[in-house]
Amino acid sequence: HRDLHSFPTRRSSDLTYLIGVAVTNYVVFTNTLFLENGKNIPVVNYVYPENLENARLQIPVTLDIMKLFNGCFGHYPFAGEKYGHAQFGWGGGMEHQTMSFMTNFGFKLIAHELSHSWFGNCLTLSSWRDIWLNEGFATFAEGLAFEKLRSKEFKPWLTNELDDILVQPGGSVFVEDTTNINRIFSGQLSYSKGGYLLRMLRWLTGDSVFFTAMRNYFSDSRLKYGYVKPQDWIGHLESASGKSFDRFFNDWYYGEGYPVYSAVFRNTAENRLQIVLSQTTSHPSVSFFEMDVPVRAFSPGRRDTVDLRLAHRFNHQVFESDVPFDVAEIVIDPDLWLIKKVEKVSGLPAEYNSITDILVFPNPSDGNWRIVAGNGLLPAEAEIFDISGRLLMKVRLEGNLLSVPWLSPGIYTLKTTTSNRV
């Protein structure tokens, strides 16, 4: 530990963690990252003798990942000493400063534990409530490594992360109960959802702003080799972007759940694409998730595509865009930027008029309809008749949802009354 004197000293009252001891008949070998400034960083590896051959093949990718993180986050913060790996017998890994304990030398684990040198070991969380600052950032870094170095594996990685997040409808990234170690280190919330929050922020701000904020956050002399809070990262993000992210963090960090999107679209007579975008939420803690929603429009046969960015600020919002072809299909979030589910996307005939007509979707349905009146009017009352004209129900609507799951499969007539017409 020859250069520890060069690092600022934490207060004696601060408690640290990640102290480990491993003792066995290790075989030791070193890989070296040569830097452009003529200096180098040794990566010292302690492995079981029976795993030496595989370790020599797997571990050198650490150098490529460190180069990537140096560019995206800032220079490796312990370059005056070293980095390294020590094989151990538990599950997963542990990011001890300059010497990560590793159960294996897979690409994902190497990237995750190495990233903690920046987020966890150099910038250390102030409270277990905000474990996201360690594990969410490290999970995001895993994905970044796949994206830039093993691109064919990136979308499967994203899909797996989303599947983990969506396994239950609730849960906040912020940790309410720090007495529950399983909650602190929840794979679903602290790791996967926490990492995806950063991916969504990257989508909202763009790469240039996002990674500028990352580098500024990491290099902030008031924070480096010390303890951080979410407000420290948010401050740099807002400074770089010129935007407020209060609503985002209220919904996504402290709130629970995710949006479930549905959409209807049509090609208008004026050769424009019209989309009505709606959402429900998986948990009542958030009534509506404001988000810029990526949509890809396809021509017949998927010969041509256009990417759209819909600034979704209220439910059943109508968007119109110029598209140079008749749209046969739209896909919400095709590149998996967002935490979300997609319920139904359907097309409407071009003859539909958004000013004079009532829109009911999805149709066919499972007994839950959204009713949107033209010209921004809210439907006030609904009546349902069977095919013989017999009145089955009459209900005063609260909002746009009509839920009648008890109806048998069949054809029905809906009569809707708004404030100025039937």
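Report yes if some residue within region 202-220 is of a type in the set (Lys, Arg) and in a helix (DSSP H, G or I); otherwise report no.
Yes.
Quick one: how many residues across region 23-51 are open to solvent by 40 Å² or more (accessible area, probe 1.4 Å), outside any strand (DSSP E or B) and at pLDDT 90 or above?
Initially, region 23-51 is screened for residues open to solvent by 40 Å² or more (accessible area, probe 1.4 Å), giving 23-28, 30, 32, 34, 36-40, 46, 48-51.
So of that shortlist, the ones also outside any strand (DSSP E or B) come out as 23-26, 36-39, 48-51.
If we keep only those that are at pLDDT 90 or above too, we end up with 23-26, 39, 48-51.
Matching residues across region 23-51 total 9.
Considering only residues of region 324-367 that are small (Gly, Ala, Ser) and at pLDDT below 75, which is least open to solvent (accessible area, probe 1.4 Å)?
Ranking the qualifying residues of region 324-367, first place goes to SER354.
Please enumerate the residues belonging to region 272-323 that are over 17 Å from ARG247 (Cα atoms), open to solvent by less than 40 Å² (accessible area, probe 1.4 Å), out of contact with any Phe, Trp or Tyr (no Cβ under 7 Å at 6 or more places or on another chain) and not in a strand (DSSP E or B).
Passing the criteria: HIS316, VAL323.
Here is a yes/no grid of residues against (1) surrounded by fewer than 19 Cβ atoms within 10 Å (Cβ to Cβ); (2) in contact with a Ser or Thr (Cβ under 8 Å, 6 or more places away or on another chain):
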| position | (1), (2) |
| --- | --- |
| THR159 | yes, no |
| VAL173 | no, yes |
| GLY187 | yes, no |
| LEU201 | no, no |
| THR205 | no, yes |
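I want to confirm something. Restricting to region 398-422 and keeping residues that are under 15 Å from GLY367 (Cα atoms) and among the aliphatic types (A, V, I, L, M), which single residue is surrounded by the fewest Cβ atoms within 10 Å (Cβ to Cβ)?
Going residue by residue through region 398-422, those that are under 15 Å from GLY367 (Cα atoms) are 400-414.
Next, only the ones that are among the aliphatic types (A, V, I, L, M) stay: 401-402, 404, 407, 411, 414.
Details: LEU401: 13, LEU402: 21, VAL404: 17, LEU407: 14, ILE411: 7, LEU414: 16.
Result: ILE411.
Of the residues that sit in region 173-202 and are touching a Lys or Arg at 6+ places or on another chain (Cβ under 9 Å) and not β-branched (Val, Ile, Thr), which one is nearest to TYR261 (Cα to Cα)? First the steps, then the outcome.
Here is the first cut: in region 173-202, the ones touching a Lys or Arg at 6+ places or on another chain (Cβ under 9 Å) are 173-178, 184, 186, 189-190.
So of that shortlist, the ones also not β-branched (Val, Ile, Thr) come out as 174, 176-177, 186, 189-190.
On the way: PHE174: 24, GLU176: 28, ASP177: 31, SER186: 26, LEU189: 21, SER190: 24 Å.
This residue is LEU189.
Under the condition of being at pLDDT below 75 and buried (at least 17 other Cβ atoms within 10 Å of the Cβ), which residue from region 371-389 is farthest from LEU401 (Cα to Cα)?
Within region 371-389, the match that is farthest from LEU401 (Cα to Cα) is ALA373.
Of everything in region 265-303, what is among the basic types (Lys, Arg) and over 24 Å from the mean Cα position of the chain (by Cα)? Give them in sequence order. Spell out the reasoning first.
Keep residues of region 265-303 that are among the basic types (Lys, Arg), which gives 266, 272, 296, 302-303.
Within region 265-303, ARG266, ARG272, ARG302, ARG303 meet the criteria.
So ASP14 clears everything in (1) of a type in the set (Asp, Glu); (2) open to solvent by less than 50 Å² (accessible area, probe 1.4 Å); (3) at pLDDT 95 or above except one condition, right? Which one?
(3) is the only condition that ASP14 fails.
Give me the pairs: first residue in region 127-156 and over 17 Å from ASN180 (Cα atoms) and modelled with pLDDT of 95 or more, second residue open to solvent by 20 Å² or more (accessible area, probe 1.4 Å) and among the β-branched types (Val, Ile, Thr), beta-carbon distance under 8 Å, and six or more apart or on different chains, which are they?
Between residues of region 127-156 that are over 17 Å from ASN180 (Cα atoms) and modelled with pLDDT of 95 or more and residues that are open to solvent by 20 Å² or more (accessible area, probe 1.4 Å) and among the β-branched types (Val, Ile, Thr), the close pairs are LEU149/VAL61.
Just name the residue that is farthest from PHE289 (Cα to Cα) out of those in region 247-265 that are of a type in the set (D, E, K, R) and open to solvent by 20 Å² or more (accessible area, probe 1.4 Å).
Restricting to residues being of a type in the set (D, E, K, R) and open to solvent by 20 Å² or more (accessible area, probe 1.4 Å), the top hit is GLU256.
Which ones in region 378-403 are farther than 23 Å from PHE288 by Cα and not in a strand (DSSP E or B)? Give the derivation first.
Narrowing region 378-403 to residues farther than 23 Å from PHE288 by Cα: 381-395.
Of everything in region 378-403, those that are farther than 23 Å from PHE288 by Cα and not in a strand (DSSP E or B) turn out to be ASP386, ILE387, SER388, GLY389, ARG390.
Can you give me the number of residues within region 174-185 that are part of a loop (DSSP other than H, G, I, E, B) and in contact with an Asp or Glu (Cβ under 9 Å, 6 or more places away or on another chain)?
Narrowing region 174-185 to residues part of a loop (DSSP other than H, G, I, E, B): 174-180, 185.
With in contact with an Asp or Glu (Cβ under 9 Å, 6 or more places away or on another chain) added as a condition, the list becomes 174-175, 185.
Result for region 174-185: 3.
Just one of HIS75, HIS85 is open to solvent by less than 10 Å² (accessible area, probe 1.4 Å) and either modelled with pLDDT of 95 or more or not hydroxyl-bearing (Ser, Thr, Tyr) (or both); which is it?
HIS85
Is it the case that region 230-246 has a residue that's outside any helix (DSSP H, G or I), at pLDDT 95 or above, open to solvent by less than 20 Å² (accessible area, probe 1.4 Å) and not polar (S, T, N, Q)?
Yes: one or more hits.
Going through region 207-224 one residue at a time, which ones are open to solvent by less than 20 Å² (accessible area, probe 1.4 Å) and either touching a Leu at 6+ places or on another chain (Cβ under 8 Å) or at pLDDT below 95 (or both)?
Correct list: PHE210, ALA213, TYR217, PHE218, LEU223.
The values are calculated or read from the model by the stated rules, or taken from the named source; none is laboratory data. For clarity, every value in this text was computed on a predicted model and none was experimentally measured. Reconstructed Cβ throughout: ideal geometry from the backbone, glycine too, with neighbour counts over all protein chains shown. Side chains included, ligands, DNA and RNA excluded: accessible areas come from the protein's heavy atoms. Shrake-Rupley method; radii C 1.70, N 1.55, O 1.52, S 1.80 Å.
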